[in-house]
Amino acid sequence: MMRAIVALCMAVLGPGATLAVPAALDEQQDAAVTLQAAMVHPQASETLRGVVDRVDERNDALLIRLSPDRIESFKVQDGLIFNAVRFGDPVEIAVQSIAGFRTIVGLSKQ
């Protein structure tokens, strides 16, 4: 399929475009290798237990009380989590670092 698209582009653009094709294919191959590496080595997730201290839908975040003196804010990957939890719910969360933010990727009520 990809070769057919490249051949069609070559026919439309003419012979001057032949120099750009190998670089474009290399970038696509690099992207495919990066995607495969991400699938083979998914980001490590951390499992934490705590109690929902605050639901902050405006900032796409949950504040979780992890211990009596420690409350942390976590971004939420899926907004449907807001429908599942309320203040005071004991939860177990799976957290990953996504784009520099500690993000909840899984949640279960205890």
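We did not get these values from a lab; they are worked out from the coordinates using the rules stated. Since we're looking at a predicted model, the values are computed, not measured. With ideal geometry, Cβ positions are generated from the backbone for all residues, glycine too; neighbour counts draw on all protein chains shown.
Data overview
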{"quantity": "When residues of region 76-90 are limited to those that are charged (D, E, K, R) and surrounded by 13 or more Cβ atoms within 10 Å (Cβ to Cβ), the one farthest from ARG102 (Cα to Cα)", "calculated": "ASP89"}
{"quantity": "Selection count where residues are within 17 Å of GLY106 (Cα to Cα) and part of a helix (DSSP H, G or I), scope region 55-88", "calculated": "5"}
{"quantity": "Residue in region 41-54 that is among the aliphatic types (A, V, I, L, M), part of a loop (DSSP other than H, G, I, E, B) and in contact (Cβ under 8 Å) with a residue 40 or more places away in the chain present", "calculated": "yes"}
